[in-house]
Amino acid sequence: MINAEVVKTGNENNLNLIRRFTKRVQGSGILPRVRSIRYASRKMSEYVKQKKTLKVLKRREEVNELIKMGKMSEYTGRGAKK
């Protein structure tokens, strides 16, 4: 992580200090990097992926069983094959 640090010199006023800090932050490229990772989510672990896949497969089997028994009409949900 890059830190942008400025130190007030002599009789420099606060407005100039803020302006200098802003320039330093823009020059270091901190903001674009932070904005790019702002909404990034963590990668799922292998264990979590496996658990999720097994859950999907189990639900798919249950739906197929219900369709065979006539308790559910043909599944036309989000991932349905045409």
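The values are calculated or read from the model by the stated rules, or taken from the named source; none is laboratory data. Being a predicted model, the structure only gives us computed values, none of them experimental. Using ideal geometry, Cβ is built from the backbone for each residue, glycine included, and neighbour counts are taken over all protein chains shown.
Arg20: in a helix (DSSP H, G or I), touching a residue at least 12 places away in the same chain (Cβ under 8 Å), out of contact with any helix residue (DSSP H, G or I) (no Cβ under 9 Å at 6 or more places or on another chain) and of a type in the set (D, E, K, R), yes or no? Answer is yes for this residue. Quickly run through region 23-45 and pick out the residues that are part of a loop (DSSP other than H, G, I, E, B) and hydrophobic (A, V, I, L, M, F, W, C). Hits for region 23-45 are Ile37, Ala40, Met44. The set of residues in region 5-33 that are of a type in the set (Lys, Arg) and within 31 Å of the chain's Cα centre (by Cα) comprises Lys23, Arg24, Arg33.
Considering region 1-48, the residues that are surrounded by 12 or more Cβ atoms within 10 Å (Cβ to Cβ) and among the hydroxyl-bearing types (Ser, Thr, Tyr) include one that is modelled with the highest pLDDT, namely Thr22. Residues considered: Val6, Val48, Val63. Of these, the only one that is part of a helix (DSSP H, G or I) and touching a Phe, Trp or Tyr at 6+ places or on another chain (Cβ under 8 Å) is Val63. Of the residues making up region 51-60, those that are aliphatic (A, V, I, L, M) and either farther than 20 Å from Glu74 by Cβ or not in a helix (DSSP H, G or I) (or both) number 1.
Quick check on my filter: what residues within region 55-79 are among the acidic types (Asp, Glu) and modelled with pLDDT under 85? Within region 55-79, Glu74 is the sole residue that qualifies.
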